[in-house]
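Right, one structure below, let's go through it.
The values are calculated or read from the model by the stated rules, or taken from the named source; none is laboratory data. Values in this document were obtained by computation on a predicted structure and should not be read as measured data. As a convention, Cβ positions derive from the backbone with ideal geometry for all residues, glycine included, and neighbour counts pool all protein chains shown.
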Amino acid sequence: MAATASIKQRRKSAGMTEEDPYKYQEWIADAMRHVLRRALDQLAAEGPEGEHHFYINFRTDHEEVGIPGFLKAQYPEEIVIVLQHQFENLLVADDGFEVTLSFSGKKHRLYVPFTAVTAFSDPSVNFTLQVAGTTLAEEPPQEEADIKEFTAEESEAPAPETSGDEASDNSPQTADVISIEAFRKK
């Protein structure tokens, strides 16, 4: 009992709160973002390989996100970008990434901190990560149905080019979704 009191006293004198020091959800979210960072590092170094392409959902209202004003106005909370054929100058850092994308035929530079990313997927291998808890502190978590997707039709940007030899498979794809929601205390 004396050891427990001593630990609590040391934590209090060090300015630590009674809050649980094991922040598993934050650690898991960081690990998921690290997977995205590694995938983007490889994409930046080697370019697109095979059918791999990435859908990245991120919060546009995150204070560190750098996007054009018209995108912020059109997508005030969240947007999905696609990194496949039409992107340039992908730079990846420890805290986020920058990329140039075309919107309405004009190129724009985006900066996305990894802390703003809410989901990442590579449909070519049915892989999806949903980073739970990626909302601003003062806002409640968004429901999955509230996520707005960015499509080529909305941007008037040209659709990705495909060769005539490629078969078009319009069948619905399923993905393995890894979410930490199942592990949260109720």
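Below is a table of values for the structure above.
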item	result
Qualifying residue in segment 65-76 (condition: part of a helix (DSSP H, G or I) and at pLDDT below 90)	no
Residue satisfying all of: in segment 34-91; basic (Lys, Arg) and out of contact with any strand residue (DSSP E or B) (no Cβ under 8 Å at 6 or more places or on another chain); nearest to Ala116 (Cα to Cα) among these	Lys72
Residues satisfying the stated conditions in segment 45-63, i.e. of a type in the set (A, V, I, L, M) and either exposed (fewer than 15 other Cβ atoms within 10 Å of the Cβ) or modelled with pLDDT under 90 (or both)	Ala45
Within segment 78-124, strands (runs of 3 or more DSSP E) holding 3 or more residues that are out of contact with any Ser or Thr (no Cβ under 6 Å at 6 or more places or on another chain) and β-branched (Val, Ile, Thr)	78-83
Neighbours by Cβ (under 7 Å, 6+ apart or cross-chain): first from segment 53-80, small (Gly, Ala, Ser); second surrounded by 15 or more Cβ atoms within 10 Å (Cβ to Cβ)	Gly66/Leu110; Gly66/Tyr111
